[in-house]
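The values are calculated or read from the model by the stated rules, or taken from the named source; none is laboratory data. What you see is a predicted model; the values in this text were computed from it and never measured. Virtual Cβ from ideal backbone geometry, glycine too; neighbours counted across all protein chains shown.
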Protein chains: 2
Amino acid sequence: MGAVTMSDVARAAGVSPMTVSNVVNGRAGVSDAVRRRVMETIEETGYRINVAARNLRAGRSGVIGLAVPELDNPYFGELARRIVAVAGEHDLRVAVEETGAAPEGERGAIRSSKRLDYDGLILSTVGLDMAELTTLPQLPLMLLGERENRSAVGHIALPNADGAQAAAAHLIDRGARRLAFVGGPDDREPTIRSMRWDGVQAAVRAAGIDEEDLRLVDCEMLTMDAGRAVGRRLGEQGAAGGPDGVDGIFALTDTLAVGLIRGLVDAGLRVPEDVLVAGFDGIGVGAHLTPSLTTVEPDHDWTARRAVERLLERIAMSGPPGEDEIAPFRLVVRESTGG
Amino acid sequence: MGAVTMSDVARAAGVSPMTVSNVVNGRAGVSDAVRRRVMETIEETGYRINVAARNLRAGRSGVIGLAVPELDNPYFGELARRIVAVAGEHDLRVAVEETGAAPEGERGAIRSSKRLDYDGLILSTVGLDMAELTTLPQLPLMLLGERENRSAVGHIALPNADGAQAAAAHLIDRGARRLAFVGGPDDREPTIRSMRWDGVQAAVRAAGIDEEDLRLVDCEMLTMDAGRAVGRRLGEQGAAGGPDGVDGIFALTDTLAVGLIRGLVDAGLRVPEDVLVAGFDGIGVGAHLTPSLTTVEPDHDWTARRAVERLLERIAMSGPPGEDEIAPFRLVVRESTGG
DNA sequence: ATGAAAGCGCTAACAT
DNA sequence: ATGTTAGCGCTTTCAT
C-alpha cells in the first residue's frame with residue numbers, strides 16, 4: 001500500500017526519521033521550528049504511525065484481553081464499555097472474549113490471550129480456582145470479582161460480602177424473616193457465591209434470626225432461564241410466599257433475579273407483596289422492570305479504571321500483583337423490596 | 001524478555017527459520033520428518049509466534065473494530081459476542097468501541113480505527129449518513145443495520161421494513177386499530193427509523209386502516225429512560241388506552257419497548273389488556289419481563305457471520321463492497337401482544 | 001538538538 | 001524440500 005512512513009515524512013521535512021519519531025511521540029529535545037515543520041509535513045502527507053511496527057519494536061501487542069462470562073449480559077456490557085474507555089485513554093485496544101461462565105471458557109481465554117499475544121488479560125472469573133490461576137504462566141492478569149487473593153494474581157474485588165450483607169439486612173428491615181439465598185451452582189471456594197452467602201448469613205445473624213430460617217437454593221446456571229425455573233419451583237411448591245414460605249430472596253446476580261421474579265409471577269406470587277427480592281450488580285434494565293429491582297450496585301467506573309490501571313502497571317513492571325482492592329457500592333432500593 | 005523466536009526454534013531443530021515458518025503456518029512443502037521434528041522443538045521450547053512481527057510483515061494489525069451504539073444494551077452484547085466468535089475463527093482480534101448512538105461517536109470510531117490501525121471496522125450505525133460515509137477514506141467498512149446502500153460501503157442490513165411490517169400486522173391481527181410508532185429522534189434518511197416506519201405504514205395500509213389512525217411519536221433517545229417517559233406521557237394524556245386511545249404500539253427497538261411498557265404501567269395502563277406492544281431486536285431479557293415482550297428477532301448468528309466474512313473479503317481484496325444482504329428474522333409472539 | 005546504525009521477529013521472493 | 005537474502009516501520013543506543 002502507499003502507506004506513508006516515518007522515513008517519507010523525514011525526507012519531505014528534511015530531517016531524520018528519528019526526529020520525526022521524537023515529534024510524533026512528544027519527546028523533548030526538538031526545537032520548536034523543527035517540530036512545527038515536521039507537524040506540517042505529517043499533516044500534508046497524511047502520515048499515521050504504524051502501530052504494528054511500533055509494537056514489534058516495543059515488544060508489545062498493544063492489545064489487552066477482557067474475558068467476561070457473558071457478553072449479552074448487561075452487567076458485563078457496562079463493564080466492557082468502561083474498560084474500553086479507560087484503555088483507550090492509554091492507547092490500548094481491548095479484545096473481548098466470552099468464557100461462558102465456565103472454567104473451560106476461562107482457560108480458553110487465557111490460552112487465546114497467549115495465542116493472540118495480548119499484553120495482559122482482565123478476567124472476570126467465576127469458575128477458575130486460585131490454585132489453577134497461580135500456576136498459569138507469564139501473562140499479566142487482573143482478576144475481577146472474587147476476593148481473598150492469596151496468589152500471585154492481581155485482583156479487583158467486588159464488595160461481595162458487604163454488599164450481600166447490606167441487601168439481606170435491607171430485606172430483613174423490610175419485614176422478611178424467612179430468607180432464601182438463590183445462588184449459582186455450588187463449586188470451588190472461595191467464589192462469588194460463597195462470599196455473598198457469608199454476607200447474607202452475617203445479616204441474618206446480626207438480626208437475631210434463627211439460621212434455620214435461611215435457605216440456600218442452588219441454581220444450575222447464572223441465567224435468566226435458570227432463575228425463572230427456580231422461582232417457579234419455589235412458588236409452586238409453596239416454598240415461597242404464604243405464612244410459612246420464604247418471604248425474602250437474595251439472588252446471586254441481577255440476571256438471576258430477573259428470571260427469578262418472573263418465575264415467582266409464573267407461579268402466581270406477587271413481588272413484593274408476597275416475596276421481597278433483591279439482586280446484585282446494578283444492571284440498567286433493573287430500573288425499568290415491573291417491579292423494578294432492588295440491587296447492590298458496585299461502582300463500575302471505579303472498577304474499570306482500577307482494573308485497567310493496575311493491569312498497565314503490571315505490564316510495565318511485572319512486579320508483584322499488589323494489594324486487593326474492593327469496589328465501593330451502594331444499595332439501590334426499588335419496588336421489588338417495596339421501596 | 002526471553003521470548004523464544006523462530007530462529008531459536010530453527011537452530012534447535014537444525015533447520016532454517018523459513019522451514020519453521022512453513023510448519024507454523026501449515027504450508028505445504030515440508031517433509032513429514034522435518035515437520036514432526038520442528039513441532040517437537042516448538043513444544044519443547046514453548047515457542048509462540050510473535051503476532052506483532054507477523055502483522056508488521058503482513059502489513060496488517062490483526063485487529064478489527066466493532067463499533068456499536070451502546071455496549072450495555074443486550075442487543076449489542078449479543079451481536080458483539082457472535083462477532084468475536086466468528087472473528088476468532090479467523091485469528092482476528094475484535095476491539096470494541098462505543099458510539100453513543102451519535103454521529104460524532106461514529107466519526108470517533110472511524111477516527112480511532114485509523115489511529116489504532118484496525119484492519120477494518122464493523123459499524124452498527126444509527127446516525128451517520130451515507131454521503132458522509134462514502135467520503136471517508138481508506139478503511140474497509142461494513143455497515144450493520146441500515147439499508148438502501150447506494151454507496152461504496154459494504155452493508156449487512158436488518159430486516160427493517162419487513163420485520164416492522166410483520167410486527168404491525170401482528171398488532172392489527174390481535175385487534176389493534178389505532179397504532180402508534182414510537183421511534184427515536186427524527187434524523188437523516190434513510191435510517192433504521194424511516195425504514196421501520198415504512199414497514200408499519202405498509203401493514204396499516206394492507207389492513208385497510210385509515211392512516212389517520214397511525215401516530216408517529218418521537219422519542220429523544222433510544223434508551224429505556226426515554227421510552228419510559230414517552231410511555232408515561234402517552235398514558236397520562238389519555239393518548240393511549242381507553243376507547244379512542246392508541247391500542248397498539250410498535251417500538252423502534254426492544255430497549256425502547258422495555259421502558260415504554262414500564263411507562264404505560266406507571267400511568268396506570270395494563271399491557272396487553274389496554275395496549276399491545278411489540279419491539280424489534282430480540283434482546284434476551286424480553287422473554288423474562290412481565291409482561292414478556294413480543295419482538296422481531298433478526299438472526300444474530302447469520303448477521304455476525306456475514307459481517308465478519310464480508311469484512312475479511314474486503315480487507316483481502318479491497319474490491320467493490322458487493323451486494324447488500326438482509327438478515328432473516330422471525331416474529332416472536334409473547335405476552336405484550338396477548339400471545 | 002539532531003542523526004546514523006542496528007535490529008525487533010517474521011516471511012515473500014528467489015535460490016539451490 | 002529446504003535455505004538465503006532482504007526488508008516490513010519503528011525506536012534504542014550511541015555518535016556528533
- Item | Any chance B:LEU56 is within 11 Å of DNA strand C (Cβ to nearest atom), surrounded by 19 or more Cβ atoms within 10 Å (Cβ to Cβ) and within 10 Å of another protein chain (Cβ to nearest Cβ) | yes
- Message: Can you tell me which residue is farthest from DNA strand D (Cβ to nearest atom) among those in the range A:54-73 that are touching a Lys or Arg at 6+ places or on another chain (Cβ under 9 Å) and of a type in the set (Val, Ile, Thr)?
- Response: A:ILE64
- Task: For the range A:60-83, indicate whether the set of residues that are among the charged types (D, E, K, R), within 16 Å of DNA strand C (Cβ to nearest atom), on the phi < 0 side of the Ramachandran plot and at pLDDT 90 or above is non-empty.
- Result: no
- Query: Within the range A:88-95, is there a residue that is within 30 Å of B:LYS114 (Cα to Cα), modelled with pLDDT of 85 or more and surrounded by fewer than 23 Cβ atoms within 10 Å (Cβ to Cβ)?
  - Reply: no
- Message: Would you confirm, using the coordinates I've provided, whether B:ARG82 is under 16 Å from B:ALA304 (Cα atoms) and buried (at least 23 other Cβ atoms within 10 Å of the Cβ)?
- Response: no
- Query: Give me the pairs: first residue in the range A:2-22 and within 13 Å of A:THR45 (Cα to Cα), second residue outside any helix (DSSP H, G or I) and within 7 Å of DNA strand C (Cβ to nearest atom), beta-carbon distance under 6 Å, and six or more apart or on different chains, which are they?
  - Reply: A:ALA10/A:SER16
- Query: When the residues of the range B:39-53 are filtered to those that are farther than 19 Å from A:GLN138 by Cα and more than 9 Å from DNA strand D (Cβ to nearest atom), which remaining residue is surrounded by the most Cβ atoms within 10 Å (Cβ to Cβ)?
  - Reply: B:THR41
- Task: Collect the residues in the range A:286-317 that are within 30 Å of A:ALA58 (Cβ to Cβ) and in contact with a Pro (Cβ under 7 Å, 6 or more places away or on another chain), keeping them in residue-number order.
- Result: A:TRP302, A:LEU311, A:ARG314, A:ILE315
- Message: One residue is enough: does the range A:313-334 have a residue meeting the conditions of a type in the set (A, V, I, L, M), more than 14 Å from chain B (Cβ to nearest Cβ) and assigned to a helix (DSSP H, G or I)?
- Response: no
- Identify all residues within the range B:287-297 that are touching a strand residue (DSSP E or B) at 6+ places or on another chain (Cβ under 8 Å), crowded, with 24+ Cβ neighbours inside 10 Å and either at the interface with another protein chain (Cβ under 8 Å from one of its Cβ atoms) or not β-branched (Val, Ile, Thr) (or both); write none if there are none. B:LEU293
- Task: Tell me, please, whether a residue that is facing chain A (nearest Cβ under 9 Å) and at negative phi can be found in the range B:27-47.
- Result: no
- Task: Could you pull out the residue among B:VAL23, B:VAL15 that is outside any helix (DSSP H, G or I), within 13 Å of DNA strand C (Cβ to nearest atom) and either more than 30 Å from A:GLU98 (Cβ to Cβ) or within 13 Å of chain A (Cβ to nearest Cβ) (or both)?
- Result: B:VAL15
- Just checking, which of B:ARG262, B:ARG310 is basic (Lys, Arg) and touching a helix residue (DSSP H, G or I) at 6+ places or on another chain (Cβ under 9 Å)? B:ARG262
- Cβ pairs under 9 Å, 6+ apart or interchain, first in the range A:264-278 and assigned to a helix (DSSP H, G or I), second small (Gly, Ala, Ser), ordered by first then second residue, are A:LEU264/A:GLY231; A:LEU264/A:GLY235; A:LEU264/A:ALA240; A:LEU264/A:GLY241; A:VAL265/A:GLY231; A:VAL265/A:GLY235; A:ASP266/A:GLY231; A:ASP266/A:GLY235
- Test for A:ALA3: is it away from DNA strand C (no atom under 11 Å from the Cβ) and within 8 Å of chain B (Cβ to nearest Cβ): yes
- Item | Cβ pairs under 8 Å, 6+ apart, first in the range B:309-333 and on the phi > 0 side of the Ramachandran plot, second of a type in the set (Gly, Ala, Ser) | B:GLY322/B:GLY154
